[in-house]
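Q: Sending over a structure as structure tokens; questions will come in a sec.
The values are calculated or read from the model by the stated rules, or taken from the named source; none is laboratory data. Keep in mind it's a predicted model, so treat the numbers as computed, not measured. No Cβ is skipped: glycine too gets one built from the backbone with ideal geometry, and neighbour counts run over all protein chains shown. Calculation scope for accessible area: heavy atoms of the full protein, side chains included, ligands and nucleic acids excluded. Shrake-Rupley method; radii C 1.70, N 1.55, O 1.52, S 1.80 Å.
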Amino acid sequence: MKLKLRRHAKSQSEKNSKANGRVTAAEMYRVQDTYVRFNQKDHIGSQMRWDAHLENEREKLKDKQRKLAEKGRAGFEAPAWGLDSAADSLLTIMGFSKNQADSRATAWQTKVEPAPTGRPEISPKEGSQIVRKAAQVLGADQVGFAELDRRWVYSRYFDEKTKKDYPIKFSDEPGYEEHSQPIRLEDGTRVIPKEMKYVVVLLHEWGKDIDGTEHAPSLLTEGLSTLAYARMAPTLWMLAEFIRGMGYNAIPAANDTALSIPLAVDAGLGQLGRHGLLINPKVGARCRISKIFTDLPLEFAGAVDSGITEFCNACLKCVPKCGTKAITTGNRSLEALNEHNSTGVLSWKVDAKKCMTFQNRVGTTCSTCVRMCAWTKPPRRIYAIPRFVIRNFRWRWLNKFWVWLDDRAGNGKFDKKADDFWVASNR
Ligand code: SF4
Ligand code: SF4
């Protein structure tokens, strides 16, 4: 049945994209005019901070983790514990919380002296070249650029210290026109200057191979995914200071301030998968996303359709392996399952509460869906062939054939011998 879609008012970013022949995430996921910006308070990561019941439940995860480590469960051995602790220790030293805006690595104001030469006049092309190089030098695995679509910025941000949510406004909204710098006002409102209409999106991989992902759900896999945050935090911090050092404004953000996945889609870094995660054509869902809003001019090419939606329609590999049925077998929908999803975006909705409850039960952040995902592939050239075919030929039977081949190759199979990870890394 064909979905009847309502016409919606075009945003500035959509009008610009039409003029330039670019595709946006909002077009790809048919964002409706009924769509309202997401409140960060409704993100499950935030809810764990203000909902005492969920907070207590989360404590069970660490308890379970200790018990499994004591029992000597594969993937919970001392080296896995050490890896997770090592990654966490850096985040603790940096005071980094992936969900907190304007705190240390995500600070909205500079700690460095801007270049004495003043802000250089640079073209969007030069800006992109400079920032891309800086991002690579400072440790990003992939980088993309986008025009900021304000629909992806949270309507309100959640402050972990006060456990309350406050508005995010732009300086072209009435009453906020005087602000030309990113700022937090006395009543907690944050203002983003209207000139900050560009976004740098960064990806950090969980390790440099799929090695370790095949042990999910385990502490080893969780350690690798935490390590991606530990690598992201310094890059994010330094790249924001790099931009400010050049005399421009920068707002670095991890999971705070805006929805990361649609921004990554707008930056051409992937598409949304059935499991609710970004699928990057090269590394699959085995990556963490961060972003920097800036007024430094950047050149952007728009979203890239790599055939991932059609592939997910045919695949479903992640569905039966999700131990709590949080991933749907159905079609994409405009309706939210609950307060943790957006309404008015044509996407697969994952039940975040079920997912979190399951994570607490298995004593890790799970990631079985990442392990199972047909896009979780080692960085081998051979995989360029299916990627090319999936992108250019949207035939269901062919996508089914790739899934069959993936199964035959044993990809996504749970590997119980997590000890091998440490031996293999010494080869
Ligand atoms: S992380 Fe685990 S529980 Fe959550 S959606 Fe993926 S497979 Fe399901
Ligand atoms: S396992 Fe298959 S259906 Fe699930 S997200 Fe990955 S490609 Fe899509």
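Q: How much accessible area per residue does the chain have, in Å², with a 1.4 Å probe? List each step's numbers first, then the result.
A: On the way: 20040 Å² over 427 residues.
Accessible surface, normalised per residue, equals 47 Å².
Q: Moving on to the next point. Set Lys and Arg Cβ to +1 and Asp and Glu Cβ to -1, take the dipole of the chain about its Cα centre, and tell me which of THR294, PRO167, TYR29 lies farthest positive.
A: Positive-end residue among those listed: TYR29.
Q: Hey, with R₀ at 60 Å, roughly what FRET efficiency would PHE414 and THR117 work out to, going by the Cβ-Cβ distance, to 0.05? Show your work: numbers first, answer last.
A: Numbers: r = 56 Å, r/R0 = 0.93.
Calculated value: 0.60.
Q: If each DSSP helix of 4+ residues adds -39,500 (n - 2.57) and the sum is divided by the residues in the chain, what number results at 222 nm, nearest 500 deg cm²/dmol? Could you put the intermediate results ahead of the total?
A: Values: 15 runs with 159 residues, N = 427.
For the chain, the value works out to -11000 deg cm²/dmol.
Q: Now for a separate question. Gap in Å between the Cα centre of segment 178-215 and the Cα centre of segment 108-167?
A: So the separation of the two Cα centres works out to 6 Å.
Q: May I ask you to order 98-108, 257-267, 387-397 by the average number of other C-beta atoms within 10 Å around their residues, highest value first? List each step's numbers first, then the result.
A: Values: 98-108: 21.0, 257-267: 25.5, 387-397: 13.7.
Packing proxy ranking, top to bottom: 257-267, 98-108, 387-397.
Q: If you don't mind, another one. Lys/Arg Cβ at +1, Asp/Glu Cβ at -1, dipole of segment 374-426 taken about the Cα centre: which of GLY412, PRO378, TRP397 is farthest positive-ward?
A: The residue sitting most towards the positive pole is TRP397.
Q: Could you tell me the calculated FRET efficiency between LYS194 and ALA384, based on Cβ-Cβ distance and R0 = 51 angstrom, to the nearest 0.05? Please report the intermediate quantities before stating the final value.
A: Numbers: r = 41 Å, r/R0 = 0.81.
It comes out at approximately 0.80.
Q: In whole Å, how far is the Cα centre of segment 61-88 from that of segment 321-384?
A: 24 Å
Q: Turning to a different aspect of this structure: Are any of the pairs LYS291/LYS377; LYS98/LYS291; LYS62/LYS349 more than 19 Å apart by Cα-Cα distance, and if so, which? Intermediate values should be presented prior to the final figure.
A: Working: LYS291/LYS377 24 Å; LYS98/LYS291 12 Å; LYS62/LYS349 27 Å.
Too far apart for the 19 Å limit: LYS291/LYS377; LYS62/LYS349.
Q: Restricting the count to DSSP beta bridges whose residues both fall in the chain, what percent are antiparallel, rounded to a multiple of 5?
A: Numbers: 29 of 33 bridges.
Given both bridge residues lie in the chain, the antiparallel proportion sits at roughly 90 percent.
Q: Ok, one more. Between GLU186 and ASP209, what is the label-to-label distance in nm when each label sits 7 Å out along the Cα-to-Cβ direction?
A: 5.9 nm
Q: Packing-wise, with mean Cβ within 10 Å as the measure, how do 123-135, 364-376 rank, highest first? Each step should come with its number before you reach the end.
A: Numbers: 123-135: 17.2, 364-376: 25.5.
The densest-packed peptide leads the list: 364-376, 123-135.
Q: Further question: Counting only protein heavy atoms and using a 1.4 Å probe, what share of the accessible area of the chain belongs to carbon plus sulfur, as a whole percent?
A: Numbers: 10780 of 20040 Å².
About 54 percent, which is the carbon plus sulfur part of the accessible surface.
Q: So, one more: Relative contact order for segment 106-253 using alpha-carbon pairs under 8 Å, separation at least 6, rounded to a whole percent?
A: On the way: 192 pairs, mean separation 50.7, N = 148.
In percent, rounded to a whole number, it is 34.
Q: A follow-up question, please. Extension gain GLU126-ASN338, at 0.36 nm per residue separation less the Cα-Cα distance, in nm?
A: Length difference between fully extended and current span is 72.0 nm.
Q: While we're on this one: Once you charge only the Cβ atoms, +1 for Lys and Arg and -1 for Asp and Glu, what is the size of the charge dipole of segment 31-304 about its Cα centre, to the nearest 20 debye?
A: Numbers: 37 positive and 38 negative charges, 106 e Å.
So the dipole magnitude of segment 31-304 works out to roughly 500 debye.
Q: Here's a follow-up. Round to the nearest 0.05 the FRET efficiency obtained for VAL36 and SER85 when R0 = 41 Å and r is the Cβ-Cβ distance. Intermediate results must be reported in sequence, preceding the final value.
A: Details: r = 40 Å, r/R0 = 0.98.
The calculated FRET efficiency here is 0.55.
Q: Using modelled amide H (1.01 Å from N, peptide plane; none on Pro or chain starts), what sits under 5 Å from the amide H of TRP348, excluding residues fewer than 5 places away?
A: Result for TRP348 returns SER333.
Q: Run the numbers on segment 31-304 and let me know its relative contact order in percent, using alpha-carbon pairs under 8 Å that are six or more apart.
A: On the way: 513 pairs, mean separation 74.2, N = 274.
Result for segment 31-304 is 27 percent.
Q: Next up: Once you have the Cα-Cα distance between TRP404 and LYS321, take 0.36 nm times their residue separation minus that, and quote the gain in nm to one decimal. Can you show the working numbers first?
A: Values: separation 83, 0.36 × 83 = 29.88 nm, distance 1.60 nm.
So the chain would gain 28.3 nm between TRP404 and LYS321.
Q: Cross-link list LYS321/LYS354; LYS60/LYS353; LYS41/LYS169; LYS325/LYS354; LYS67/LYS354: which exceed 18 angstrom alpha carbon to alpha carbon?
A: Details: LYS321/LYS354 14 Å; LYS60/LYS353 15 Å; LYS41/LYS169 16 Å; LYS325/LYS354 8 Å; LYS67/LYS354 22 Å.
Over 18 Å Cα-Cα: LYS67/LYS354.
Q: Right, next: If I measure Cβ to Cβ between cysteines in the chain, which ones have no partner under 4.7 Å?
A: Those would be CYS287, CYS312, CYS315, CYS322, CYS355, CYS366, CYS373, since no other cysteine Cβ in the chain comes under 4.7 Å of theirs.
Q: Tell me the label-point distance for the pair THR110, TRP397, using the 7 Å Cα-to-Cβ offset, in nm and rounded to one decimal.
A: 6.1 nm
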